[in-house]
Amino acid sequence: MTHPLRPVGLAAALSAAAFGLAGPAAAQDRAPHQIIVMGEGEATAKPDRATVTLGVEAEAATPREASDMMSEAAARVIDRLVESGIPRAAIQTGQLTLDQQYGEEPSDERPFLAGTMLTVRVTDLDSLGEVLNAAITDGANRLQGVDFGIEDDSVLREEARRDAVADARERAEVLADAAGVSLGDILQISETGSGRPRPMQRGDAMMVAEAALPVAPGDLTVSQLVEIVWEIDEGDEDETEVGDQD
């Protein structure tokens, strides 16, 4: 009895071909090995502006008297600032307050305290000390703060970004060398945060008047964080696999 011959050799060949194609496809689908590194950069520069926040307060027996005294004092401060070279457009009046004070005993007099805030933008930092003294002399009795800044910090931030990327690359190269691998292409770069310290001086008018003027703000520092993802270069590994197959 004869049996039909089955094409065993052809089936085996097709199976082998199918398995042979599956290997490279799986290798291509595999996610590349990566090195992920954070880099930090900084750049410094001299400030070119200051924002001064002043307080004017007045105390009196009645709300009207306290408000009038405060308004007169604030007007004197504004006039003195203008005489010192500050444009009126650079002076802003803030929140107005009126509170009744409380004594230790119910029978104590309870005067009223009226207050307002003045925000002054100073672009000539060489005159900042004179501006502060002038304001304090003519009625400002609180110094809430001096905030130094840079009018246009875009160039400084770009320098900090470059420094952060260089720092990340240096860290990645150290890690790759320690692991015995090489860096490949950059897969992703992202900024993870930025900021700068803001010098702040606080105190009351008496403390500032007795302090050494002019004010010396020092440098401002802009910081930048970046995260960079590198692909690990697996060229040597691929050559090894080819050699093993031979």
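The values are calculated or read from the model by the stated rules, or taken from the named source; none is laboratory data. All figures in this text were calculated on a predicted structure; none of them were measured in a lab. Cβ coordinates were reconstructed from backbone atoms using ideal geometry, including for glycine residues, and neighbour counts include every protein chain displayed.
The rows are residues; the columns are (1) on the phi < 0 side of the Ramachandran plot; (2) modelled with pLDDT of 90 or more; (3) within 31 Å of the chain's Cα centre (by Cα).
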{"residue": "Ala66", "(1), (2), (3)": "yes, yes, no"}
{"residue": "Arg88", "(1), (2), (3)": "yes, yes, yes"}
{"residue": "Ser127", "(1), (2), (3)": "yes, no, yes"}
{"residue": "Asp147", "(1), (2), (3)": "yes, no, yes"}
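State whether the residues of segment 150-164 include one that is closer than 15 Å to Ala90 by Cα and either modelled with pLDDT of 85 or more or surrounded by 14 or more Cβ atoms within 10 Å (Cβ to Cβ) (or both). Yes, because at least one residue in segment 150-164 is closer than 15 Å to Ala90 by Cα and either modelled with pLDDT of 85 or more or surrounded by 14 or more Cβ atoms within 10 Å (Cβ to Cβ) (or both). Per the listing Ser194, Ser190, the residue uniquely at pLDDT below 85, of a type in the set (S, T, N, Q) and over 23 Å from Val82 (Cα atoms) is Ser194. Here Gly55 does not fit the description of being outside the structural domain of Val122 (by TED's automatic domain parsing) and surrounded by 16 or more Cβ atoms within 10 Å (Cβ to Cβ). Cβ-Cβ contacts under 6 Å between residues 6 or more apart (or on different chains), taken from a first residue in segment 138-161 that is in contact (Cβ under 8 Å) with a residue 12 or more places away in the chain and not assigned by TED's automatic domain parsing to the domain that holds Gly41 to a second residue that is among the basic types (Lys, Arg) and buried (at least 19 other Cβ atoms within 10 Å of the Cβ), are listed as Asp138/Arg80. Of all the residues in segment 62-111, those that are farther than 30 Å from Asp126 by Cα and part of a loop (DSSP other than H, G, I, E, B) number 12.
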